[in-house]
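The values are calculated or read from the model by the stated rules, or taken from the named source; none is laboratory data. Quick caveat, the model's predicted, so the values are computed rather than measured. Virtual Cβ from ideal backbone geometry, glycine too; neighbours counted across all protein chains shown. In case anyone asks, the SASA skips ligands and DNA or RNA and just uses the protein heavy atoms, side chains included. Shrake-Rupley method; radii C 1.70, N 1.55, O 1.52, S 1.80 Å.
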Amino acid sequence: MPGEAQAKRVYITTPIYYVNDVPHLGNGYTTIIGDALRRYHQLRGHDVRLLVGTDEHGLKLEREAQEQGLTPQAFVDQMSVRFREAWPKLLVEPDDFIRTTEARHESLVRDIWQRVAANGDLKKGHYEDWYCVGCESFKTEKELLEGNICALHKKPVERLKEETYFFALDQYQDKLLDLYAKSPSFVEPDSRRNEVLSFVSSGLKPLSVSRTSFSWGIPVPSDPKHVMYVWFDALSNYWTALGGWDSELTKRFWPSDPHALPTKSDDPMVIHLVGKDILRFHAVFWPAFLMSAQMPLPSKVYAHGFLTVDGQKMSKSLRNAVDPLRLARELPGGASTLRYHLLRAISFGQDGDFDHAALLERYNADLGKNLGNLLSRVLGLCVKNTGNTAPAFEQAKRTDLDNAFLKDVQLSLAAAREHWDAIEPHRALEATWAASSRANLYVDQAAPWAEAKKGDLARVETILTTLVKVLEHLSAFIAPALPDKANEMRAQLGLQPLAPALNRDLLAIDFSDAPARPLGTATPLFPTLDAAGVAALLDSLVPKAEPAMNESTQPEKPPAAALPSGAPLSEPIAYDQFAATDLRIGIVLEAEKVPKKDKLLKLKVDVGEASPRQIVAGLALSFAPEGLVGKRVIVVANLAPRDFGKGLVSHGMLLAAGESNSLSLATVSDDVAPGTKVK
RNA sequence: GCCGGAGUAGCUCAGUUGGUGAGAGCGGGCGUUUCAUACGCGCUAGGUCGGGGGUUCAACUCCCUCCUCCGGCACCA
């Protein structure tokens, strides 16, 4: 459209999902939000782009491929397809799908790396620490659970020592704080912003950004025995997917000024949607990388919460049991119903509960009764009274009742737009449905059937055309959440499908006069479910309760297998060094939880001495205190006392092995006396 | 333990700079209309606004304190 102002530009990204995972409700949720926002902006006539993709590098995938006898590339190829094919089934239509193994990505990541290096922010050094294959990252000991278990993946970490490049993250502490201060909406919601703030304020350390211990990654330019740390690689996708330095898309969708704040109004809005678990990478590392490379920053990192399912934590098993694709197939109203519920029921940004019963209630109440039935009754009235046409819509014919109705609708829909702009889908939909409720009220107030009985056809026509006009608007306003249903609704209203175009606002509220026009054929848009139908669906869709104990007391148990075979052994030691450790058999006499310390138990242990010792151990996630009493344990008896503050001192430690939440205490048979030496 | 957030009707939550009798949606109960997908509309919640103190003419809204929940950090040598 020549001559028109440039459309507002919006670039929305979801995380690229690690291909070892599958599309599940959690990442489906993020992706649906992204698509709903994309559709909203598209309807407003904005220049919008949605990027999704897959993260395909790392040790974990290299090993997985090996186990399956595939090359890494072949393995990730087959895995990536699952995501690519999943999203359209949720009515998600991304503009691009980036894979970190694509050449277009790799070459540009190398460019970024070189700019960061040129800026003097990459230094070679050595790193030795625990490494979690699941996270693709080193863990400080403080981040690990009892028994060197990764807190996120509940799997044992490995001891790795290797040459690595360090990124000078510490040099960016002040600049990041400055960014958060000057651009308060860079991280949202506020509670997450505070967390980021406190993390950065507490001090940043250089960040290890390369590996030499595996090869499935992007080689470091000029030092190809290193591959890039997976986050350096992965985060860059948001930018590389646009095509790089001088590409058309980069100019359109990435801000141009590396020194400007990301809120400059004439720049494109770059919105990263992320789960709260990966906020730090996006809100700290990513802008620091970009600053170092002297590249412009995104506008906003929005971290949403986690979902529980029917009030329960989404464990691995549940996560697999709640399959969004299956819901999209089996729910009445299909993917749109799922989308609507996710967008409407969960306050975006907060943790939320995905409740199957609430979903069906909402389907019946909001979709079936409130909106679906409204459409049905209005169209039915039109068939009976106006020859299935929408009569001319004319201001002059309207009464106060009609105008009050339109005024309220106008207010609600305007509010809905504002809420979409503010990334508050739940509020936007609430406001949209307020307009629908208002229309139901108006039908009753205006009572066109009564006017028809009186023979006042002109009045009937005015009422019905007013309703049809509002339904037209509703059909567009529901489209971000319920794209297919929006167009079905429009077909019934005798309208063409929504056809977004740049600078054309399809969510404009237009109550200007319009001529009469024919309507389409009415058919229930959202057939309501009766009680039996609800029960049957619930029975089929709700994951069956775990047969064993409930989740909270018995967290998911990784396989009993210990460290992966690749774990390097520690350096050999002489016998004397071992002998210096005085291991004794002890019997637990008392055990209690240490208040305010998640993981600590305070024990009284008889190690054959005059009086029992107090030992503080990080066992609380695995053992109920009372379950330990009477157990024989192996105690490191000559360990220096350790003070936990407030007079809580530990005299020794216990040997334990296994998984974080299901630790196994090293023990001996019952006939060994306390104090017996172990060697 | 430190930092942050939150505790308001059965459920999910709104409640602006402190001020007329504390709200919405859903569910439940009662009533009612008949155009409609047994759908709509109206009425109905006797809630100590987590507990306790305080400031004030006046506090859900400010201060202190305690409790609980949720995050983040810390805590297992």
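In the context of the full set of protein chains, residues of the range A:355-531 present 41 Å² of accessible surface per residue (probe radius 1.4 Å, heavy atoms only).
Heavy-atom accessible surface of A:ARG84, to the nearest 10 Å², is about 110 Å², with a 1.4 Å probe and all protein chains retained.
By accessible area, using a 1.4 Å probe on protein heavy atoms only, the range A:54-110 has 47% of its surface on carbon and sulfur. For the range A:355-531, with the dipole built from +1 on Lys and Arg beta-carbon atoms and -1 on Asp and Glu ones, taken about the Cα centre, which of A:PRO391, A:LEU467, A:TRP433 lies farthest toward the positive end? The one lying farthest along the dipole's positive direction is A:PRO391. According to the square roots a ≥ b ≥ c of the eigenvalues of the Cα gyration tensor, what is the shape class of the range A:9-304, taking rounded for a/c under 1.5, prolate for a/b larger than b/c otherwise, and oblate for the remainder? It is rounded, given that a/c, with a ≥ b ≥ c, falls under 1.5. Looking at the range A:9-304, the accessible area is 36 square angstrom per residue; that uses a 1.4 Å probe and ignores ligands, DNA and RNA.
With 27 Å as the limit, the listed pairs A:LYS384/A:LYS469; A:LYS205/A:LYS300; A:LYS124/A:LYS276; A:LYS225/A:LYS276; A:LYS123/A:LYS175; A:LYS161/A:LYS602 have A:LYS124/A:LYS276; A:LYS225/A:LYS276; A:LYS161/A:LYS602 beyond it between alpha carbons. Ordered by 1.4 Å accessible area with all protein chains kept, A:THR667, A:THR101, A:THR212 run largest first as A:THR667, A:THR212, A:THR101. Note on surface exposure: A:ASP456, A:ASP277, A:ASP366 rank A:ASP277, A:ASP456, A:ASP366 by accessible area, highest first, 1.4 Å probe.
Measuring only protein heavy atoms, the 1.4 Å probe finds A:GLU430 accessible over about 90 Å².
Pairs of Cα atoms nearer than 8 Å and 6+ residues apart set the relative contact order; for the range A:337-446 it is 36 percent. Considering only protein heavy atoms, what is the solvent-accessible area of A:GLU195 at a probe of 1.4 Å, reported in Å² to the nearest 10? So the heavy atoms of A:GLU195 present about 90 Å² to solvent. Which residues' amide hydrogens lie under 5 Å from the amide hydrogen of A:TYR165, considering only partners 5 or more residues apart or on another chain, with H built in the peptide plane? Close amide H contacts, sequence-distant or interchain: A:GLY125, A:VAL209, A:SER210.
Potential lengthening of the chain between A:ASP456 and A:GLU418 amounts to 9.8 nm, from the contour at 0.36 nm per residue minus the alpha-carbon distance. What you get for the range A:16-69, charging only the Cβ of Lys and Arg (+1) and of Asp and Glu (-1), is a dipole of about 400 debye around the Cα centre.
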